[in-house]
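Taking it in order: structure first as structure tokens, then the write-up.
The numbers here are math on the coordinates, done by the rules we state, and not lab data. Not measured: the values here are computed from a predicted model. In this analysis, Cβ positions are derived from the backbone assuming ideal geometry, glycine residues included, and neighbour counts consider all displayed protein chains.
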Amino acid sequence: MIYHTNRMSLKSNVTQEQLDEAMRRFREQGAMPMVKSFFLGREHGTEFDWAAVFVLEDLDAYWEYLTHPSHAKSQEYGVPLMEKFEAFDISDDPDTELTSKIADLQRRNYEADPHLVTLMSGLASHTGSSALSHTE
């Protein structure tokens, strides 16, 4: 299993209506067929406001998640609302190459979607497994 985690801090001018819509879109991602389970909640005691965890069975499910239309729609709406974004993955898979395989999936996703690169490049801070600096 791969526990794909997203952490985000929102820009100070985000309205409640925008936040509600962004959370609705995250919940839609959690309902995608390749997601085994999902959690979305506020972070407390950190520099991030919100976190979401998507449980994916394997790399094939990870790729389906990255390329699913609900994921793209969520990014299109939500990324411009974020100041900081971090993604990381936790796994019980013993494959010592898993980190590079995940980076390859992220790289392929960015290559297929130049608009996503533009969106992510606009973040003040972008770290972790989806960071552009790790996938270029």
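Over the chain, the hull volume per residue, using the convex hull of the C-alpha atoms, is 104 Å³. In terms of the mean number of neighbouring beta-carbon atoms within 10 Å, the peptides 58-67, 92-101, 25-34, 108-117 order highest first as 58-67, 25-34, 108-117, 92-101. Measuring nothing but how far apart in sequence close Cα pairs (under 8 Å, 6+ apart) lie, relative to its length, segment 2-135 scores a relative contact order of 31 percent.
Listed by Cβ neighbour count within 10 Å, with the fewest neighbours leading, Met1, Met120 appear as Met1, Met120.
Helical runs (DSSP H, four residues minimum) scored at -39500 (n - 2.57) apiece and divided by the length of the chain put the mean residue ellipticity at 222 nm at -13000 deg cm²/dmol.
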